[in-house]
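Enquirer: I have a structure here, written as structure tokens, and I will follow up with some questions on it.
The values are calculated or read from the model by the stated rules, or taken from the named source; none is laboratory data. Remember, predicted model here, so these are calculated numbers, not experimental data. Positions of Cβ are generated from backbone atoms using ideal geometry, with glycine treated the same way; all protein chains shown enter the neighbour counts.
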Protein chains: 2
Amino acid sequence: MITRSQIKLIKSLQIKKFRQKEGLFIVEGAKSLQELLLSDFNIKKLYLTHQFINQYEKSLKRFQSIIETVTEKELEEAGSFTSNNAGIAMVEIKPNSPFGFGEREYILALDSVNDPGNLGTIIRVADWYGISKIVCSENTVDFYNSKVITATMGSFTRVRLFYTSLPDFIKKARVKVIGAELEGKNIYQFSFPDSGLIVLGSEANGLTPDVKKLITDHISIPRYGNAESLNVGVAAAVFCDNLRRFQGLS
Amino acid sequence: MITRSQIKLIKSLQIKKFRQKEGLFIVEGAKSLQELLLSDFNIKKLYLTHQFINQYEKSLKRFQSIIETVTEKELEEAGSFTSNNAGIAMVEIKPNSPFGFGEREYILALDSVNDPGNLGTIIRVADWYGISKIVCSENTVDFYNSKVITATMGSFTRVRLFYTSLPDFIKKARVKVIGAELEGKNIYQFSFPDSGLIVLGSEANGLTPDVKKLITDHISIPRYGNAESLNVGVAAAVFCDNLRRFQGLS
């Protein structure tokens, strides 16, 4: 059973202010939970259906003491999913730890990306293309937003995010800074350097002026039709795809 | 002003059954409306704010007789946007007309794509890469769903969709049938033929068996990390990008 006060806590974690106060976030649904159980996140509480418990008995062994058996109806009342036959986890937020560049490494940088679905898609894309670090401007949507977590389809367990001042990060990075822009050199003709930062801006406004000044390579995806722009998740994928293809052929 | 009965009609058009009964769909928000005004869609009614009317005076001249001036509050009550300072249009649905292949043409095929945001993204991607036709299985989400229209960012005016039995369409097409699959040949090494059909399935289930049987080229986007799959909108973009890049270099 989930008590009233637990439901209230879970619901409050939909809001960033309360996530920060409690140091907790929630993970919902079968796919995300499966990946969570295999990750190094510190899980505080698992509200799970009988069905999910039976199906993942082995992975759940070490979590016995924090499992609460609940019904689908309780999950749907407490969580944000209209249907959830698996569970909800309450998980500890990780510290916002800085990172730098490894050898021959590519990192993604997000400049004011507001939409949680887009951030989730970008994390999933990064995970597909083997990019494990994303640096985000402070006004980029919160990683621990439950819509972000859900949209990553489990990739939130494998990609590290660091929120900071992008201009400061870029100035310290000492790598090529590749900006995804509408007016730039054709990505099909671009020789990707050994390592670099790929910077993506918001769909509505592109890169912010302070970031734009620091771009060393302004690169565009060629357009063959009439759409004004591409979704930022899509642009991230096309950049990663061109990078990996270039590296594979060179 | 929007009358009670008009609000009821607009709201009913959120549901496919009522769209089909009335032969109408709705378009909301500034970007979609701007593109709609320039398109060949038959607009039946425009509910617009003063602000939008002043800004697009010229494009609106020929629509004088069907414009109703409304407030933002009325738009938000009638429509699906939480904020809308532009307007809502009621527009005639086009007939579901078949199409075939032009010379050296690529068409996208969608096999059971359910998510309206994904369909909208795919239409926008097609428009960016100069692909103007998408054939959809009958169970693919309805083009005229207002979430689809909104997610296209105006590209719904430039891309034609045709709903039909995919196996029947493929059998008649006489082109190479390229399936986006998890297990297939590396897309980076694929020589795209002069024309072809690129078939994308649902994220959850991939291609349906009857469609899979008809694929001539099973093609995959190489994976470098650990995500299990890519979002279907993202996969569509990576396929179109590889196609145009191949054509540009060959």
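Enquirer: Take A:F52 and tell me if it is part of a loop (DSSP other than H, G, I, E, B), within 29 Å of B:A235 (Cβ to Cβ) and in contact (Cβ under 8 Å) with a residue 12 or more places away in the chain. Walk me through how you get there before you give the answer.
Expert: Values: part of a loop (DSSP other than H, G, I, E, B): no; within 29 Å of B:A235 (Cβ to Cβ): yes; in contact (Cβ under 8 Å) with a residue 12 or more places away in the chain: yes.
Criteria not met by A:F52.
Enquirer: Tell me, which residue of region A:180-198 that is assigned to a strand (DSSP E or B) and touching a residue at least 60 places away in the same chain (Cβ under 8 Å) is farthest from the other protein chains (Cβ to nearest Cβ)?
Expert: As a first pass, look at region A:180-198 and keep what is assigned to a strand (DSSP E or B): A:180-186, A:196-198.
Next, from what is left, pick out any that are touching a residue at least 60 places away in the same chain (Cβ under 8 Å): A:196-198.
Working: A:G196: 16, A:L197: 18, A:I198: 14 Å.
Among those that are assigned to a strand (DSSP E or B) and touching a residue at least 60 places away in the same chain (Cβ under 8 Å), it is A:L197.
Enquirer: In region B:61-84, what residues are hydrophobic (A, V, I, L, M, F, W, C) and surrounded by fewer than 18 Cβ atoms within 10 Å (Cβ to Cβ)? Walk me through it before giving the result.
Expert: Initial filter on region B:61-84 (hydrophobic (A, V, I, L, M, F, W, C)): B:63, B:66-67, B:70, B:75, B:78, B:81.
If the condition is that a residue be hydrophobic (A, V, I, L, M, F, W, C) and surrounded by fewer than 18 Cβ atoms within 10 Å (Cβ to Cβ), then B:F63, B:I66, B:I67, B:F81 are the ones that fit.
Enquirer: When you scan region A:115-165, how many residues do you find that are part of a loop (DSSP other than H, G, I, E, B), within 14 Å of another protein chain (Cβ to nearest Cβ) and more than 9 Å from the chain's Cα centre (by Cα)?
Expert: The number of residues fulfilling the criteria is 8.
Enquirer: Filter region B:81-114 down to residues that are at positive phi and within 14 Å of chain A (Cβ to nearest Cβ), then give me how many there are.
Expert: 1
Enquirer: Of everything in region B:93-105, what is surrounded by 13 or more Cβ atoms within 10 Å (Cβ to Cβ) and of a type in the set (D, E, K, R)? Give them in sequence order.
Expert: Within region B:93-105, B:K94, B:E105 qualify.
Enquirer: Being in contact (Cβ under 8 Å) with a residue 12 or more places away in the chain and within 28 Å of A:I7 (Cα to Cα) is the requirement here; does A:D142 meet it?
Expert: yes
Enquirer: Would you please list the contacts, defined by Cβ atoms under 6 Å and residues six or more apart or on different chains, that run from a residue in region B:4-32 that is more than 10 Å from B:G79 (Cα to Cα) and in contact (Cβ under 8 Å) with a residue 40 or more places away in the chain to a residue that is part of a loop (DSSP other than H, G, I, E, B) and among the hydroxyl-bearing types (S, T, Y)?
Expert: Pairs that qualify, where the first residue is more than 10 Å from B:G79 (Cα to Cα) and in contact (Cβ under 8 Å) with a residue 40 or more places away in the chain and the partner is part of a loop (DSSP other than H, G, I, E, B) and among the hydroxyl-bearing types (S, T, Y), are B:R19/B:Y144; B:F25/B:Y144.
Enquirer: Name, by its number, the condition in (1) of a type in the set (V, I, T); (2) crowded, with 20+ Cβ neighbours inside 10 Å; (3) more than 22 Å from B:L249 (Cβ to Cβ) that does not hold for A:I187.
Expert: Going through the list (1) of a type in the set (V, I, T); (2) crowded, with 20+ Cβ neighbours inside 10 Å; (3) more than 22 Å from B:L249 (Cβ to Cβ), A:I187 breaks only (3).
Enquirer: Looking at region A:214-225, I want the residues that are in contact (Cβ under 8 Å) with a residue 12 or more places away in the chain and have a partner that is surrounded by fewer than 19 Cβ atoms within 10 Å (Cβ to Cβ) and among the acidic types (D, E) with Cβ atoms under 9 Å, at least 6 apart or on another chain. Which pairs are those?
Expert: A:H218/A:E183; A:S220/A:E183
Enquirer: Given the conditions (1) modelled with pLDDT of 95 or more; (2) over 25 Å from A:R223 (Cα atoms); (3) more than 10 Å from every other protein chain (Cβ to nearest Cβ), and given that B:G201 satisfies all but one, which numbered condition is not satisfied?
Expert: Unmet condition: (2).
Enquirer: If you don't mind, there's one more thing I want to ask. Can you pull out every residue in region A:72-114 that is part of a strand (DSSP E or B), over 25 Å from B:N231 (Cβ atoms) and of a type in the set (D, E)? Before the answer, list the steps.
Expert: If we filter region A:72-114 for residues that are part of a strand (DSSP E or B), which is where we start, we get A:87-92, A:106-111.
Filter once more, keeping what is over 25 Å from B:N231 (Cβ atoms): A:90, A:92.
The answer is A:E92, and nothing else.
Enquirer: Continuing with this model, one more query. May I ask you to list the residues in region B:191-203 that are of a type outside the set (D, E, K, R) and buried (at least 18 other Cβ atoms within 10 Å of the Cβ)?
Expert: B:F192, B:G196, B:L197, B:I198, B:V199, B:L200, B:G201, B:S202 - these are the residues of region B:191-203 that are of a type outside the set (D, E, K, R) and buried (at least 18 other Cβ atoms within 10 Å of the Cβ).
Enquirer: Still on this model: Take B:L36 and tell me if it is surrounded by 18 or more Cβ atoms within 10 Å (Cβ to Cβ) and assigned to a helix (DSSP H, G or I).
Expert: yes
Enquirer: Does B:G179 fit the bill of being within 25 Å of B:L249 (Cβ to Cβ) and crowded, with 21+ Cβ neighbours inside 10 Å?
Expert: Values: within 25 Å of B:L249 (Cβ to Cβ): yes; crowded, with 21+ Cβ neighbours inside 10 Å: yes.
So B:G179 fits the description; yes.
Enquirer: Could you list all residues from region A:1-51 that are out of contact with any helix residue (DSSP H, G or I) (no Cβ under 9 Å at 6 or more places or on another chain), among the β-branched types (V, I, T) and at pLDDT below 95?
Expert: Across region A:1-51, the qualifying residue is only A:T3.
Enquirer: Just to be sure I understand, how many residues within region B:204-250 are crowded, with 20+ Cβ neighbours inside 10 Å and within 14 Å of chain A (Cβ to nearest Cβ)?
Expert: Of the residues in that region, 19 qualify.
Enquirer: Kindly indicate whether any position in region A:166-179 is touching a Ser or Thr at 6+ places or on another chain (Cβ under 8 Å), modelled with pLDDT of 95 or more, small (G, A, S) and outside any helix (DSSP H, G or I).
Expert: No, the conditions are met nowhere in region A:166-179.
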